[in-house]
Structures are given as structure tokens and as C-alpha cells.
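Remarks on the structure that follows.
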Amino acid sequence: MPTKQSTVDYILDQIVDLPAIEAKKMFGEYALYASGKVVGLICDDTLFIKITDAGKQFVGEDYKEGFAYPGAKVSMEIHGDLLENHEWLSELVAITEKNLPAPKPKKK
């Protein structure tokens, strides 16, 4: 089941305070970008954030792993009260972005 646009809009509204946040549609689902880096995926109306050591430490007891789609790398699955906590979610996305490498330049 593809992700609804309303879910993507809600997630983007939750992290609107962060600079350079966008979601790009890919194969019926969405990639979540922060400052040009893919920090997560939105699949089946669920937010999956890439795992970093700093992100795991920040999440603590709320850490739950999941897969955005069959064959995907394991990610942090975020939903429920955590998705509704604007400040917590913004902080997690900011931490993840800071701890991911810069995207590789595209070849011409």
C-alpha cells in the first residue's frame, strides 16, 4: 500500500523547523532529505530513519528496528507518540543528518 500524501505532509510539518527538509517521491513511497542527505524513508505510512550511533543513543529505550521494504537496510521505525513529538522528531532528524556522510557527487 503506497504512502498517503497526508502522511508525508504531516511528517514534514513535524520537522518544519529544520533547514532544507524535503520528501521526494520514489516508487510510490518517499525519501526524506535533510540538507541534501537521505536521512530516512516513508513507506507504508511509516517513518524509517537511518541508524547512526548518535541517533541510537538519542532514542534510547524507544529504539525499534524495522525494514522500510523487503531487502532494505534496517532502520529505526518511528511511529505513534514519537511521531507526534515535534521537538523529539526534529532533534532525531538533525542528529541523523549531522552523523551521515555527505552525498557523493553525481557523475556527469
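The values are calculated or read from the model by the stated rules, or taken from the named source; none is laboratory data. Because the structure is predicted, anything quoted here is derived from the model rather than measured. Please note: Cβ atoms are built from the backbone with ideal geometry, for glycine as well, and neighbour counts cover all protein chains shown. These accessible areas exclude ligands, DNA and RNA; they are computed on the full protein's heavy atoms, side chains included. Shrake-Rupley method; radii C 1.70, N 1.55, O 1.52, S 1.80 Å.
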Could you tell me the distance between the Cα centroids of region 1-77 and region 82-108, to the nearest Å? 9
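Counting only protein heavy atoms, what percent of the accessible surface of region 28-96 is carbon or sulfur at a 1.4 Å probe? Mind dumping the intermediate values first?
Values: 1630 of 3370 Å².
Exposed carbon and sulfur together represent 48 percent of the surface.
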Selection from L12, T46, A34 lying farthest towards where the dipole of the chain points positive, charges on Cβ: A34
Using the scaling law 2.2 N^0.38 Å as the reference, what is the normalised Cα Rg of region 1-47? 1.03
In Å and from the alpha-carbon atoms only, list the Rg and Dmax of region 68-108. 13.9, 44
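How large is the direction-averaged shadow of the alpha-carbon convex hull of the chain, in nm²?
Values: hull surface 28.3 nm².
Its Cα hull, projected and averaged over all orientations, spans 7.1 nm².
Out of the trypsin sites (Lys or Arg not before Pro) in region 8-77, which ones are loop residues according to DSSP with at most 16 other C-beta atoms within 10 Å?
Values: sites: K24, K25, K37, K50, K56, K64, K73; in loops: K50, K64, K73.
Within region 8-77, the qualifying trypsin sites (Lys or Arg not before Pro) (loop, at most 16 other Cβ atoms within 10 Å) are K64, K73.
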Could you compute how much accessible surface D17 exposes when probed at 1.4 Å, giving the result in Å² to the nearest 10? 110
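What FRET efficiency do you get for Q5 and E91 if R0 is 25 Å and r is their Cβ-Cβ distance, rounded to the nearest 0.05?
Taking R0 as 25 Å, the efficiency between Q5 and E91 is 0.50.
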For region 1-65, run through the chymotrypsin sites (Phe, Trp or Tyr not before Pro) and keep only the ones in DSSP coil with at most 10 other Cβ atoms within 10 Å of their Cβ. F27
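Per residue, how much accessible surface does the chain expose to a 1.4 Å probe? Answer in Å², no decimals. Could you put the intermediate results ahead of the total?
On the way: 6820 Å² over 108 residues.
Heavy-atom SASA per residue in the chain reads 63 Å².
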